[in-house]
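See below for the structure under consideration.
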Amino acid sequence: MRSFRIIPVLALAASAAIAQAPASSPPDNAQPTAPPAIKSFDLSAMDTTADPCTDFYEYACGNWMRNNAIPSDQSRWVRSFSEVVERNRYLLWQELDAAAKDPKSPLQKQYGDFYASCMDTATIETKGIAPIQPAWAAIAQLKGASAIPALLGDLESHGSPDGFFEFGVSVDLKDSSKQIAELSQGGISLPDRDYYIVDNAHFSTIRSQYIDHMKKMFALAGDTPDQAAKEAAAVLEIETAMAKASMSRTDRRQPANVYHIFTVADLDKLTPAYEWNTYFHGIGIGHFDTLNVATPDFFKALNGLLQSEPLDSWKSYLRWQVLHGQAEDLPKAFFDENFAFFDKTLGGQQEPQARWKQCTRLTDASLGEAVGQDWVKQNFPPAAKDSMEKLVASLEKSLGDDIRTLPWMTDDTKKAAEQKLAMFRQKIGYPDKWKDYSSIKVDRTDFVGNLHHVSVFDQNYNFAKLGKPVDEKEWRMTPPTVNAYYSPNFNDINFPAGILQPPFFDFKADLAVNYGAIGSIIGHEMTHGFDDQGSQFDAKGSLGDWWTPADHKEFAARTECLADEYSGFQVAPASSEAPAQNLNGHLTLGENTADNGGLRIAYAALLDALAAQGQSIDEKIDGYTEAQRYFISFAQVWCQNQTEANARQYALIDPHSPGKWRVIGSVRNFDAFSKAFGCQKGQPMVPVKACRIW
Ligand SMILES: [Zn+2]
């Protein structure tokens, strides 16, 4: 329902389905086991028979890739991220399991009961589809398309998914001190609009598999085969029309494309078939006169659809949104069928995750700042925060030095860039003030009900921001999360406790190893403030042009260099079933820019840190110079295996490049790399023309 504008270092959710409705259901007896310790710098991961100047990714990660097959419950496996996710999840599970059995505080009682309700598959089976029946009954009563706004208001105020579009309160792109209502496209179930509209054999096979999947789901819920087939066809028709009217992910990356302030009266004129005031009243948001309609063309098309589609098709569409949006929360038969299509067919994942893993993830996603309070006490020493603050300060200094010495930027723009850097805020570990979840009713025997209560809480929490000043201290990730993000509207960088541990950050490792891993991630987040998107926001986080025209031109030429380079990287070869899939250099431009700058800035900070200790970058440890260790440590963060299906899907939806190309794309453009490994111009890792932005 709400869209937060944050830029994580790695994609958060595997598909639209997972983003809509987090985990749940197969009765699964797999027992949790403690994951192994994770090495921060692993010589055994390398393939030293490979030539680092020909394929540095193979050199740094080759043995790891051969020795670490993708676990059957994953569709990709990233050496650092996935392993730490599993470790954090196990530690969190211990906490949840103990709280479910013997809570020691009201907080523990709440999240322990939530976790227990998710684990209680017997009760989930007994209830069948009863938890979604009230929503389906309301849909059955729908008298005409004109009653849809009231119906959506009713469904959302009870925490039910319903498709159609995204609505919520967001920071005003042009005035980051204000929070305004925002309306954006949505309503489709497949991971991207391309799945509906690209005309080739690969996608048309997926569309027919999607039809089969919908038929099976409707039949499981009790519809006759005829009904199920009719409903599935209606859903695909409506979702396809919505997909056609949607703006591409790449176009949505440009803030100007998604900023259109409308009065509510003008919105009514845009979509006379949809009564907005009825809807706004129904969902319980306060009064407002203007809002951002991010994608007006979508709503214009929706208006036409509301007039042309028959009532029965809308009922089918809504029934599907309710069923699909909660498929993972229903009995095993629904969960399994949903898994078979969305995770196995589309993502290449072989089997679902164990129940305890799903319930742990879901409890964190639902009550993260309750669970996180206890988690950080156990797993985040105050010393980690101090060290991290020092690291961030050293990276800030080197980014400042970098800006001052940039060969292509004029002095006026440099000054503005330095001001923006000086205004950067940082959040490390966990929030100063925790969210108060005490109003969320949690019942140990009502899993879907609990999810509904959480959804309503989240929605009201978001709506309460309307017209209020921005809360700069709020976090958009929970403490155990293994990720980091930059927010252009807040101009802040954020590092949850979950990522501040080996192999990212290791007290015992040498400087080069830490700067290569967590240092390059900090540099990455900082560079987001100056990527093709972030550079359009000023020091206060508002859209504003602080660039001279000459610098604009230079910047565009440099980012195009990167976009061209990455568009040439192939993630899946052509086969009899599907054409070759390359990366989209413009979809991934912001992330690639951040990788490109992050690696350079962290390296400069490492040089400073070594100098301060009287050490040289050429000193050797275990046979590798500090410079070489830096680049190997950076690469080993991104060692990765992924299924081909996952690679194809992510190339369409993920603004991040896969590990291999993050590593190769970054080192190719940095002369310190070729120097460290003695590579020559013209070798695969040293292009004749390198791309450099920051
Ligand atoms: Zn990023």
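The values are calculated or read from the model by the stated rules, or taken from the named source; none is laboratory data. The structure displayed is predicted, hence computed values, not measured ones. For neighbour counting, all protein chains shown are included, and Cβ atoms are generated from backbone atoms with ideal geometry for every residue, glycine included.
Quick one: would you say Asp618 is in contact with a Ser or Thr (Cβ under 8 Å, 6 or more places away or on another chain) and without any contact (Cβ under 8 Å) to a residue 40 or more places away in the chain?
yes
Show the residue pairs meeting these rules: Cβ distance below 6 Å; 6+ apart or different chains; first residue within the stretch 481-492 and over 13 Å from His524 (Cα atoms); second residue within 14 Å of the ligand (Cβ to nearest atom) and among the small types (Gly, Ala, Ser).
Pro488/Gly534
Which number in (1) within 15 Å of Asn596 (Cα to Cα); (2) within 16 Å of the ligand (Cβ to nearest atom); (3) not charged (D, E, K, R) marks the one condition that Phe673 misses?
Failed condition: (2).
Count, please, the residues in the stretch 610-639 that happen to be out of contact with any Gly (no Cβ under 9 Å at 6 or more places or on another chain) and not hydroxyl-bearing (Ser, Thr, Tyr).
Matching residues across the stretch 610-639 total 16.
Does any residue of the stretch 620-631 turn out to be among the charged types (D, E, K, R), modelled with pLDDT of 95 or more and surrounded by fewer than 20 Cβ atoms within 10 Å (Cβ to Cβ)?
Scanning the stretch 620-631, I find at least one residue that is among the charged types (D, E, K, R), modelled with pLDDT of 95 or more and surrounded by fewer than 20 Cβ atoms within 10 Å (Cβ to Cβ), so the answer is yes.
Condition check ((1) within 18 Å of Ala147 (Cα to Cα); (2) surrounded by 14 or more Cβ atoms within 10 Å (Cβ to Cβ); (3) in contact with a strand residue (DSSP E or B) (Cβ under 9 Å, 6 or more places away or on another chain); (4) modelled with pLDDT of 95 or more) across all residues:
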| position | (1), (2), (3), (4) |
| --- | --- |
| Pro272 | yes, no, no, yes |
| Gly282 | yes, yes, no, yes |
| Leu291 | no, yes, yes, yes |
| Pro296 | no, yes, yes, yes |
| Leu302 | yes, yes, yes, yes |
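Taking into account only those residues within the stretch 459-495 that are more than 18 Å from the chain's Cα centre (by Cα) and of a type in the set (D, E, K, R), which is farthest from the ligand (Cβ to nearest atom)?
Once the filter is applied, the top-ranked residue is Lys468.
Each row is one residue, and each column tells you yes or no for (1) in contact with a helix residue (DSSP H, G or I) (Cβ under 6 Å, 6 or more places away or on another chain); (2) within 22 Å of Gly516 (Cα to Cα); (3) of a type in the set (Phe, Trp, Tyr).
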{"position": "Ile653", "(1), (2), (3)": "no, no, no"}
{"position": "Ser666", "(1), (2), (3)": "yes, yes, no"}
{"position": "Ser674", "(1), (2), (3)": "no, yes, no"}
{"position": "Trp694", "(1), (2), (3)": "yes, yes, yes"}
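Count, please, the residues in the stretch 575-605 that happen to be within 11 Å of the ligand (Cβ to nearest atom) and part of a loop (DSSP other than H, G, I, E, B).
1
Could you please give the count of residues in the stretch 545-563 that are of a type outside the set (Asp, Glu) and free of Cβ contacts under 8 Å to residues at least 12 places away in the same chain?
Looking only at that region, the number is 5.
Residues being part of a helix (DSSP H, G or I) and either loosely packed, with under 15 Cβ neighbours inside 10 Å or acidic (Asp, Glu) (or both): count how many of those fall in the stretch 398-430.
Residues in the stretch 398-430 being part of a helix (DSSP H, G or I) and either loosely packed, with under 15 Cβ neighbours inside 10 Å or acidic (Asp, Glu) (or both): 9 in total.
Among residues belonging to the stretch 103-130 that are over 16 Å from Gly449 (Cβ atoms) and among the basic types (Lys, Arg), point out the one that is surrounded by the most Cβ atoms within 10 Å (Cβ to Cβ).
Out of the qualifying residues, it is Lys109.
From the list Glu591, Glu560, which residue is at pLDDT 95 or above and either polar (S, T, N, Q) or surrounded by fewer than 22 Cβ atoms within 10 Å (Cβ to Cβ) (or both)?
Step by step, each of Glu591, Glu560 is checked, and only Glu560 is at pLDDT 95 or above and either polar (S, T, N, Q) or surrounded by fewer than 22 Cβ atoms within 10 Å (Cβ to Cβ) (or both).
What is the one condition in (1) within 16 Å of the ligand (Cβ to nearest atom); (2) within 30 Å of Asn200 (Cα to Cα) that Glu560 does not satisfy?
If we test Glu560 against (1) within 16 Å of the ligand (Cβ to nearest atom); (2) within 30 Å of Asn200 (Cα to Cα), just (1) comes out false.
Can you give me the number of residues within the stretch 519-537 that are polar (S, T, N, Q) and within 9 Å of the ligand (Cβ to nearest atom)?
Adding up the residues that qualify gives 1.
Consider Phe537 carefully, then state whether it is more than 29 Å from Ser177 (Cβ to Cβ), surrounded by 21 or more Cβ atoms within 10 Å (Cβ to Cβ), of a type in the set (A, V, I, L, M, F, W, C) and over 18 Å from the mean Cα position of the chain (by Cα).
In short, no.
Would you pick out the residues in the stretch 632-662 that are more than 15 Å from the ligand (Cβ to nearest atom), surrounded by 24 or more Cβ atoms within 10 Å (Cβ to Cβ) and either of a type in the set (A, V, I, L, M) or without any contact (Cβ under 8 Å) to a residue 60 or more places away in the chain (or both)?
Ile632, Ala635, listed by residue number.
Tally the residues that are small (Gly, Ala, Ser) and modelled with pLDDT of 95 or more, restricting the search to the stretch 569-588.
The number of residues fulfilling the criteria is 4.
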